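Before any comments, here is the structure.
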Amino acid sequence: MGTGKYTRSFVIGFTGHRDASNFDVGEVERIILKINLELSDAHIYVLTGLAEGADKDVARVCMSLRDRSVPIIPVAVLPMGRAEYEKDFTTKAASEEHAEMLRYFDDQKLPVISLDTADIRDDSYGNLADFIVEKSDMLVAAWDGLDPNKSGGTADVIKRFSTEGAVNLKSLDGQVIDFANYLHNSESKPVYVIQTLRDSVEYEDESVLNNGFFSWVPKWNSSLKIGDGVVSQSYPKRLIEKFEFINQVGVDSETFLRNDSIANYPGPPELIESFPGGGGRVSYLLKQYSLYDRLASAIQKPVHRHHRHVSVFTIVIALSFLVYAKIAPHVGFLIAYVVLFGAAYARHKILDPNRLKTRYTLYRAIAEALRVEYFLTVSGVVDDKGKDSLSKSLMTKGKVAGNIVRSVLQPAFLFPAEGKTLMPIGYLNLRAAWIDDQQRYYKGKSRDYHSQLHNAERFITASIYIPIALAAALAVMYAMHSSLMYIEIFAVPLKNYMAFAVGFLPVIGAVLEIYTNAMAKKELASQYGIQFSYLKRLIEFLGDSPPEKQWHDAVKYVGESLSAEHMLWLKTLEEKHIEVAHGG
C-alpha cells in the first residue's frame, strides 16, 4: 500500500431490504469503484449482515471486485451466533446459500464477526445497527424511502447512522457522548441511498427516485421518509475530509518514511511477546500506532525547525536594520533588510507551516489514542466487540480532527482473532509496561521543561534590565561627560553602539519569549507535573493487588485523560491556529 508498508482503511456499512424487488446492485459496485479512485492505496472494508436479499447481493459484488484485484475486504457482521442466525433464514435454499457464503469467508480468511445474542431477537438487529454506525465511515442503503419503525431495519439504521446513535432513546441511554458529538457536528455521517422497492409493500407511486447522498434534519423519535431530506450527487464535506486525510497519510508516508521499515519499529512497549493473543485486532493497533507515531516524530522535526528558523530570521532582520540605523548606514544593509523580510514571508507562504503543525498534532493525537487503546485491549478493559473502546468516550464535539481520530480507532474490531484468544495481562504487568513508564516520562519532561523555562526567563529578564541600564548610562554620560559619547570605535561613536544594544537586546529577549510560548514549554511543564502527580496518587491508591473492576475503571480513566491532552491540542489548534506544542 503506498510505500508497500502502510495500510489506510475506509469502511462502508451496508443496509438493505430482505425483499428488495428492483435493487440495482450495480450501483453498489459503481460507488465502491468511485470511492476507490478517490483514495490512494487504501483498503475498503464493506460491512454486511449477510441477511437474505440485498445483503447477499452486496457480498457477491464484493467477491467479484476482489477477483478483479480491487482492494476491498467484505466483513460479515452477524447479529447473533452462527447457529442461532441460521434460524432466521426462511427456506432451505436461503439457508444453504448462507452456509456457502460463510464457507467462502472462512476459506478466504475474511472477517466474520458474531455479535452477542440479545434476549429479545429484534434487539440483536438493533445491536447490529449500532455496530455498523460505530465502525463505518459512510453508509450505503438500499431503501424504499419509508420507515416502518422497526429496530435494526433499513430506515432505523439510516436514522442511527445519520445521528451517530442519538436519535433512538435506546442508543442514547448511557451514551451521552455520542449524543453530544452529534449535536456539535455541522454535518451528519454520509449516507448514500439506492432507491429500492420491496415485494411486501404496495406503493401508491412506484417511480424510483434518484440515487445519491441523502441528508435530512433529524427529529427526536420521528419517522423517516425520503421526502424529509435532500438527495445529492456531490460528496458531503465530511466524506471529503476523510478522503483528504487518507491520501495525506499516504503522501506523508512516502515523504517522511520512505527509507523506514515498519517491521523494525517496536510497538508501545518492547514487551509485545508478553501480551499473547488478540490476533488481528492487537496487530492492527500496533501497526497503526507505529505508523502514526513515526509520522508524528518525523513531522515534528520540520515543525521545530520552522520555529527556530522564524526566530533566526526575526533576529537577523532586526539586526540588519539596527546596523544600518546605528552603526553602518550603508545601503547594502537596507537592501539586506528588505530581501530578508521578503524571503521570510515567501518561505512562510510556500511551506505553509500551519498546515504542517496541524498534521503533526493530528498524527500525535492518533498515535496516543492507538497506544491507549492497545493497553486497554491487552488488559481486557476493551472486549472484542469494542465495549468501553476509547473511540466511544472521545469527546470530539464535531471537530474534523477529532472525528478522524475516532475513525482510525474503530476498524480495529473488524479484524478476526485468527484463532487466537487474548489472554489479558494483570494489573502489575500493565502498570510496569504503561503507567510506570508514563509516570517516568512525565516526571522527566516536567523537569526538563522547568529547567528550560528557568534559563529562558533568566535571559529574557536580562534582555529587559541590561538595555535599561545602558539607557541610564547614556543619560548619565550625556549629563556629566557628553564628550564620552562621541568616542569612536572603528569610526563609530560609542553612543551608537550603546543605542544599538538598547534596541537589539529586547528583540532577542522577545524572540526567545515568543519561541518559548510557541513551543508551549510553560503549559507543558505545568501539565506534565499535574499528570505525574495524579499517576503517582493512582498507583498509591490502587496498591499492588486491587480488585479487577476497580483497576479496570481506573486505567480506563487514565487512558481517557491521556488522550484528552492531545484532543485539547487538536481542538485549540483547529479553533485558533495557535503554535502547537510537542505533545509528548
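The values are calculated or read from the model by the stated rules, or taken from the named source; none is laboratory data. If you're wondering where the values come from, they're calculated on a predicted model, not measured in any experiment. Here the Cβ is made from the backbone with ideal geometry for all residues, glycine too, and neighbour counts use every protein chain on show. Surface areas here come from the heavy atoms of the whole protein model, side chains and all, with no ligands, DNA or RNA. Shrake-Rupley method; radii C 1.70, N 1.55, O 1.52, S 1.80 Å.
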Requested in this report: Tell me the label-point distance for the pair Ala328, Lys536, using the 7 Å Cα-to-Cβ offset, in nm and rounded to one decimal.
Outcome: 5.4
Query raised in the report: Using a simple spin-label model with points 7 Å from Cα along the Cα→Cβ vector, what separation in nm is obtained for Ala432 and Asp107?
Result: 4.7
Report summary line: By the mean-Cβ-within-10 Å protection proxy, highest first, 154-162, 426-434 rank as 154-162, 426-434
Query raised in the report: Which distance in nm do the two modelled labels at Asn149 and Ser69 give, with both placed 7 Å along the Cα-to-Cβ direction?
Result: 5.3
Query raised in the report: Share of the range 68-115's accessible area from carbon and sulfur, percent, 1.4 Å?
Result: 48
Query - Extension gain, Lys92 back to Arg347 (0.36 nm per residue minus Cα-Cα distance, nm) - result: 84.8 nm
Report summary line: The farthest towards the positive end of the charge dipole of the range 25-106, of the residues Leu33, Gly49, Cys62, given +1 on Cβ of Lys and Arg and -1 on Cβ of Asp and Glu, is Leu33
Query raised in the report: At q = 0.26, 0.31 Å⁻¹, what log₁₀ I(q)/I(0) does a Debye calculation on the Cα points of the range 38-82 give, no solvent, two decimals?
Result: -0.93, -1.11
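Any idea what the dipole of the range 30-97 comes to, in debye rounded to 20, about its Cα centre with Lys/Arg Cβ at +1 and Asp/Glu Cβ at -1?
My answer is approximately 180 debye.
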Report summary line: Hits in the range 132-156: amide N under 19 Å from the 7 Å Cα→Cβ extension of Tyr203, namely 140-150, 153-156
Query raised in the report: If you take the C-alpha gyration tensor of the range 9-145, multiply each eigenvalue by 5 and take the square root, what semi-axes do you get, largest first, in whole Å?
Result: 23, 16, 16
Report task. Using the charge dipole of the range 1-102 (Lys, Arg: +1 at Cβ; Asp, Glu: -1 at Cβ; taken about the Cα centre), state which of Ile73, Tyr85, Ala99 has its Cα farthest towards the positive end. Result -> Ile73
Query raised in the report: Once the whole set of protein chains is in place, how much accessible area is left on Lys556, using a 1.4 Å probe, in Å² to the nearest 10?
Result: 50
Requested in this report: Just read off the accessible area of Arg60 with the full protein assembly in place, 1.4 Å probe, to the nearest 10 Å².
Outcome: 100
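For Val11, Val316, Val112, what's the largest-to-smallest order of accessible area, 1.4 Å probe? The partial results should precede the final answer.
Working: Val11 0, Val316 55, Val112 35 Å².
Final ranking, largest accessible area leading: Val316, Val112, Val11.
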Requested in this report: Please give the peptides 122-131, 283-292 ranked by average Cβ packing (other Cβ atoms within 10 Å per residue), highest first, as a rough proxy for protection.
Outcome: 283-292, 122-131
Query - trypsin sites (Lys or Arg not before Pro) within the range 14-56: DSSP coil, no more than 10 neighbouring Cβ in 10 Å - result: none
**Report entry** Segments 495-503, 73-81 sorted - mean Cβ within 10 Å per residue, highest first
**Finding:** 73-81, 495-503
Query - Cβ-Cβ FRET estimate between Val492 and Asn354, R0 fixed at 35 Å, reported to 0.05 - result: 0.25
